[in-house]
Amino acid sequence: MFSFLSIEQYHEQLRLQATSCTAAVTHYLAQIEEHKNLNAYVAVYAKEAVEKAAQLDKKRMEGEPLKALHGVVIAIKDVMAYKNHRLTAASKILENFESIYSATAIEKLEAADAIIIGNCNCDEFAMGSSNENSYYGPVLNAIDNSKVPGGSSGGSAVAVQAGLCMVSLGSDTGGSVRQPADFCGIIGLKPTYGRISRYGLIAYASSFDQIGIFSQTIPDTALVLQTISGSDEYDSTALKTPLSQSSDKTNQEDKKYSICYFKEALNHPSLDEQIKKQILSFIEKLKAAGHQIKAIDFELLEYIVPTYYVLTTAEASSNLSRYDGVRFGHRTKDNVKNLTAFYSKTRTEGFGKEVQRRIMLGTFVLSTGYYDAYYSKAQQVRRLLVDKTSLLFKDFDAIIMPTVPTTAFPIGEKSNDPIAMYLADIYTVFANLTGVPAISIPLFKHSNGLPFGLQIMTAQEDELTLLQFSELLLQQFDC
Ligand code: GLN
């Protein structure tokens, strides 16, 4: 019987010949089959995964040293290009589309000998918070099948939560890795904007999009991040500076951090009372352990969701104009009179309701007459947020916040109320607007039986502090 605790432990077992990559792949394929009802995967590459595992087992037996992700079974969100594999963004408009190249992150996974086991379900074009906007139907939360897993990377989150792979990749434009990680009780990291190349990631809102990582442990997250990050000639926004590594040999467990939280965030009326209470009592524990914690005023909080939705829909309306039925994917079969009717019919048939809503909203905020009132204004708010945030990180190592105002909600509860769904992004969109790295770690359990996370953010490019602090919390505090 194969069991997985961490990549390090798996590699140890491989070296001892106590297990094999073939055993790992066989195990995950059986688990995926057994948990089909969760709808986490939209494609499984069984044959390829088995072959790759056999090759790796052979290489190892021949004495080749193990590469960083040797035999690590990884699932990817259906928005990442993987050469000669389907790529649909969970949309009808890309039904049956196959990518002719691989994303940089995927190439790096392959170069490190990872095994890509399949594509995960998600909200269409990564737009959503519940995975209910998928052409393939909703994904179920494995802890309680009547609840959503979160979104938009719900399938990737459940794949890790339910033990259907070792780690997975998602994308996070406004919380799509952290929010499902919170709902599923696992770790979800959104690195600094630009840390991982976006080449080959289907664009939703390009100045926000970032690939993120789901896992069960911080060392696994760190290892995957280290492997897939880095500059890229195909993405000018990819960071040139390398990820800093820990050179500090002092005992991290004894380090004391200086942390702040926003009063407005914890006093927000949408925040579940019990989540608030548990986070406040956690803050007391942190203080008792010698960390410095300060509550600060952050009067811009109410502006961040509107700012996010104005800017991301504007970018989406432009990014999604390429799906016109001429170049890729779905094309209407109706007899249409002219080109405009052809576009309109194709896009009406191909895009789901939420995607259509966002394209229209984005077109509206960019239109003459409204551009200054909405788009320019939102850009100004974003600048204020960025400036204020970089000042904050001169005084503090980290900001802490809830990840989501509630625990996982019932499937269907918010699907007819887009505004309620958008407002629940209040805590996650901040990190995307400002570009800072952010993580959700599974520290808490609600009395309703569901898990929830703590969100931590650090300064631009400081994933090292983010991961070290997260590890310290996970090791020292069990709430
Ligand atoms: N829930 C957010 C939205 O709907 C986040 C999406 C994302 O991060 N891809 O836009």
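Among residues other than Y303 whose Cβ falls under 15 Å from its Cβ, what is the net charge (Lys/Arg +1, Asp/Glu -1)? Intermediate values should be presented prior to the final figure.
On the way: positive: K377, R382, R383, K388; negative: E264, D297, E299, E302, D387, D425.
Every neighbour counted, the sum reads -2.
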Taking N as the number of residues in region 7-111, the ratio of its alpha carbon radius of gyration to 2.2 N^0.38 Å works out to 1.18
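Accessible area of the chain with a 1.4 Å probe: how many percent of it is carbon plus sulfur? Please report the intermediate quantities before stating the final value.
Numbers: 10140 of 19320 Å².
Percent of accessible area from carbon and sulfur atoms in the chain: 53.
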With the 1.4 Å probe rolled over protein heavy atoms, region 193-242 has an accessible area per residue in Å² of 34
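Give me the net charge for the shell around Y234: Cβ to Cβ below 11 angstrom, other residues only, Lys and Arg +1, Asp and Glu -1. Walk me through the numbers before you get to the answer.
On the way: positive: R198; negative: E107, D232, E233, D235.
Combined, the nearby Lys, Arg, Asp and Glu give -3.
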Semi-axes (Å, rounded, descending) of the ellipsoid equivalent to the chain per its C-alpha gyration tensor are 32, 31, 20
Of all DSSP beta bridges with both partners in the chain, the antiparallel percent, nearest 5, is 65
Counting sequence-distant residues (5 or more places) and residues on other chains, those with an amide H built under 5 Å from that of G150 are none
Here the net charge surrounding P405, from other residues whose Cβ is less than 10 Å away from its Cβ (Lys, Arg +1; Asp, Glu -1), is -1
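Under Stokes-Einstein, with the Kirkwood radius over Cα pairs standing in for Rh, what whole-number D in µm²/s applies to region 129-252 at 25 °C and 0.890 mPa s?
Once the numbers are plugged in, D ends up at 163 µm²/s.
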In order over region 375-390: 3J(HN,Hα) from phi, Karplus 6.51/-1.76/1.60, θ = phi - 60°, whole Hz, x for each Gly or Pro, gives 5, 4, 4, 5, 4, 5, 5, 4, 4, 4, 4, 4, 5, 5, 5, 5
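Any chance you could tell me what percent of the C-alpha pair distances in region 327-479 go past 28 Å? Show your work: numbers first, answer last.
Details: 5325 of 11628 pairs.
Cα-Cα pairs in region 327-479 separated by more than 28 Å: 46 percent.
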For region 416-474 (alpha-carbon point model, no solvent) the Debye-based log₁₀ I(q)/I(0) at q = 0.29 Å⁻¹ works out to -1.12
Any aspartates and glutamates whose Cα falls less than 19 Å from that of K337, other than same-chain ones fewer than 8 residues away, would be D324, E349
Restricting to lysines and to Cα separations under 21 Å from K294, and discarding same-chain partners fewer than 8 apart, the set is K255, K256, K263, K276, K277, K285, K388, K394
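If contacts are Cα pairs under 8 angstrom and at least 6 residues apart, what is the relative contact order of the chain in percent?
On the way: 1032 pairs, mean separation 80.3, N = 479.
Computed over the chain, the figure is 17 percent.
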Excluding residues fewer than 8 positions from K108 in its own chain, the lysines with Cα under 27 Å of it are K47, K52, K58, K59, K67, K77, K83, K190, K240
By the mean-Cβ-within-10 Å protection proxy, highest first, 308-317, 236-245, 349-358, 219-228 rank as 308-317, 219-228, 349-358, 236-245
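The values are calculated or read from the model by the stated rules, or taken from the named source; none is laboratory data. Since the structure is predicted, the reported quantities are computational estimates derived from the model, not experimental observations. So basically every Cβ, Gly included, is an ideal-geometry build from the backbone, and we count neighbours across all protein chains shown. Areas reflect the complete protein model, heavy atoms only, side chains present, ligands, DNA and RNA absent. Shrake-Rupley method; radii C 1.70, N 1.55, O 1.52, S 1.80 Å.
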